[in-house]
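Written below as structure tokens is the structure these notes are about.
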Amino acid sequence: MSIESIQALARDEMTAVDVLIQAELHSDVLLINQIADHIIAAGGKRLRPMLTVVAARAAGYVGREHTTLAAIIEFIHTATLLHDDVVDESDLRRGRKTANILWGNAASVLVGDFLYSRAFQLMVGLDSMAIQQRLADTTNRIAEGEVMQLLHIHNPDTDEAAYVNVIERKTAALFSAAIGLAAHLAGADRSTCAAMDAYGLHLGMAFQIADDVLDYVGDTETLGKNLGDDLAEGKATLPLIHALGLAKDEVRERLRIIIATGDATAMPEVLEAITRSDSLRYCTDKARFHADAAKAALQVLPASPWKQAMADLAEYSLARNH
């Protein structure tokens, strides 16, 4: 299936998710409404909540609470975006000015907190201690990933193991929770839930590695953010880490200085080093490994259009251009 076909398959579920999101965003505080509406209305792929509803149906769920779980996942994700943009001092997301640019850092952080707390209010409504425990652990893990990434900012000694550790927490943990909890909601057995956890984890890894490749080879207008933002922020992601490891001494020292200073004007030099070391192919192969592992985990599910959608979303994580 194409991404458009998958969206069509999940249209009814996602319409219900969007209605719930809009209802639960409401606050008596006008500024909360303005900022929340700004970031939610920016759209995006809604990939995480869509994965939640698709996975629930693939696991045989026939109720309606999967839409609540999907809204919770989207609120948690959106909260992390608000906080990320403050930490990274970003000025563009999804082709629009970030909330911190329009309303300031303090308001963005506090509305992010509002979204986290709203997510936990919705969790209580699901009346499942297992879901509350998993999502509490997941939000804590995401926060750990953010702090770990902060510790590696402008650090030319960041290696691949450290990079993997960060993205497993910062990105893959929420994917894993979104999918694993969908299976749990469907009443799947322990082995099926574990397989769905693995699917989500590997999909999140593939998605983030592919995203980090796009930061070097994508297009600003298509991406909806500034190309080379990671470099400007002093983040050594996998393409640059790999190139650094293979570069000759003189080039390696130059790359270390670029990372330490966050010199975005040195992008041509970085791209040349990445090209010489074939780092994009290396990263693409890594992302492919995780996408294939995600698809392999789906063997526990019976054949259905929903299962096929999950397999095709693993391919989409590699083929997308934004």
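The values are calculated or read from the model by the stated rules, or taken from the named source; none is laboratory data. Note that this is a predicted model, so its numbers are computed, not measured. In this analysis, Cβ positions are derived from the backbone assuming ideal geometry, glycine residues included, and neighbour counts consider all displayed protein chains.
I need every pair where a residue in the stretch 150-167 that is crowded, with 16+ Cβ neighbours inside 10 Å has its Cβ under 6 Å from the Cβ of a residue that is among the polar types (S, T, N, Q) and part of a helix (DSSP H, G or I), sequence separation at least 6 or different chains.
Filtered contacts from the stretch 150-167: Val166/Gln149; Ile167/Gln208.
What number of residues within the stretch 136-179 satisfy the criterion of being part of a helix (DSSP H, G or I), over 27 Å from Val17 (Cα atoms) and of a type in the set (Ser, Thr, Tyr)?
Qualifying residue count for the region: 1.
Mind checking which residues of the stretch 30-44 are touching a residue at least 40 places away in the same chain (Cβ under 8 Å) and either surrounded by fewer than 21 Cβ atoms within 10 Å (Cβ to Cβ) or in a loop (DSSP other than H, G, I, E, B) (or both)?
Step one: of the stretch 30-44, the residues touching a residue at least 40 places away in the same chain (Cβ under 8 Å) are 31-32, 34-36, 38-39, 42-44.
Of everything in the stretch 30-44, those that are touching a residue at least 40 places away in the same chain (Cβ under 8 Å) and either surrounded by fewer than 21 Cβ atoms within 10 Å (Cβ to Cβ) or in a loop (DSSP other than H, G, I, E, B) (or both) turn out to be Leu31, Ile32, Gln34, His38, Ala42, Gly43, Gly44.
Criterion first (surrounded by 20 or more Cβ atoms within 10 Å (Cβ to Cβ) and either aromatic (Phe, Trp, Tyr) or touching a Cys at 6+ places or on another chain (Cβ under 7 Å) (or both)) does Val270 satisfy it? Walk me through it before giving the result.
Values: surrounded by 20 or more Cβ atoms within 10 Å (Cβ to Cβ): yes; either aromatic (Phe, Trp, Tyr) or touching a Cys at 6+ places or on another chain (Cβ under 7 Å) (or both): no.
So Val270 fails the test.
Taking into account only those residues within the stretch 236-246 that are buried (at least 20 other Cβ atoms within 10 Å of the Cβ) and over 16 Å from Ala210 (Cβ atoms), which is modelled with the lowest pLDDT? Quick ask: steps written out before the conclusion?
Taking the stretch 236-246 as the starting set, the residues that turn out to be buried (at least 20 other Cβ atoms within 10 Å of the Cβ) are 236-244.
When the remaining residues are screened for being over 16 Å from Ala210 (Cβ atoms), the result is 236, 243-244.
Details: Ala236: 91, Ala243: 95, Leu244: 95.
Filtering the stretch 236-246 for residues that are buried (at least 20 other Cβ atoms within 10 Å of the Cβ) and over 16 Å from Ala210 (Cβ atoms), the one modelled with the lowest pLDDT comes out as Ala236.
Looking at the stretch 69-88, I want the residues that are under 12 Å from Asp113 (Cα atoms) and have a partner that is outside any helix (DSSP H, G or I) with Cβ atoms under 8 Å, at least 6 apart or on another chain. Which pairs are those?
Partner pairs satisfying both residue conditions: Leu81/Arg93.
So in the stretch 220-234, with the set limited to residues that are surrounded by 17 or more Cβ atoms within 10 Å (Cβ to Cβ) and out of contact with any helix residue (DSSP H, G or I) (no Cβ under 7 Å at 6 or more places or on another chain), which one is modelled with the lowest pLDDT?
By that ranking, first place goes to Gly224.
Looking only at the stretch 2-17, filter to residues that are buried (at least 17 other Cβ atoms within 10 Å of the Cβ) and either modelled with pLDDT under 90 or not in a helix (DSSP H, G or I) (or both); which one of those is nearest to the chain's Cα centre (by Cα)? Full working, then the answer.
Initially, the stretch 2-17 is screened for residues buried (at least 17 other Cβ atoms within 10 Å of the Cβ), giving 3, 6, 9-10, 13-14, 16-17.
Next cut, either modelled with pLDDT under 90 or not in a helix (DSSP H, G or I) (or both) only: 3, 10.
Details: Ile3: 17, Ala10: 20 Å.
That would be Ile3.
Give the residues of the stretch 140-149 that are over 30 Å from Val251 (Cα atoms) and buried (at least 19 other Cβ atoms within 10 Å of the Cβ), sorted by residue number.
Here is the first cut: in the stretch 140-149, the ones over 30 Å from Val251 (Cα atoms) are 140-144.
Passing the criteria: only Ile142.
Please give the helices (runs of 4 or more DSSP H) falling wholly within the stretch 180-288 in which 1 or more residues are more than 22 Å from Asp157 (Cα to Cα) and more than 25 Å from the chain's Cα centre (by Cα).
Values: elements: 190-217, 220-223, 229-232, 238-246, 249-261, 267-276.
Passing ranges, in order: 190-217.
Is it true that some residue in the stretch 85-95 is of a type in the set (Gly, Ala, Ser), more than 21 Å from Ala183 (Cβ to Cβ) and assigned to a helix (DSSP H, G or I)? Let's see the steps before the verdict.
We begin by selecting, within the stretch 85-95, every residue of a type in the set (Gly, Ala, Ser); these are 90, 95.
If we keep only those that are more than 21 Å from Ala183 (Cβ to Cβ) as well, we get 90, 95.
Applying the additional criterion that residues be assigned to a helix (DSSP H, G or I) yields none.
Within the stretch 85-95 (the criterion being of a type in the set (Gly, Ala, Ser), more than 21 Å from Ala183 (Cβ to Cβ) and assigned to a helix (DSSP H, G or I)), the answer is no, since none of the residues qualifies.
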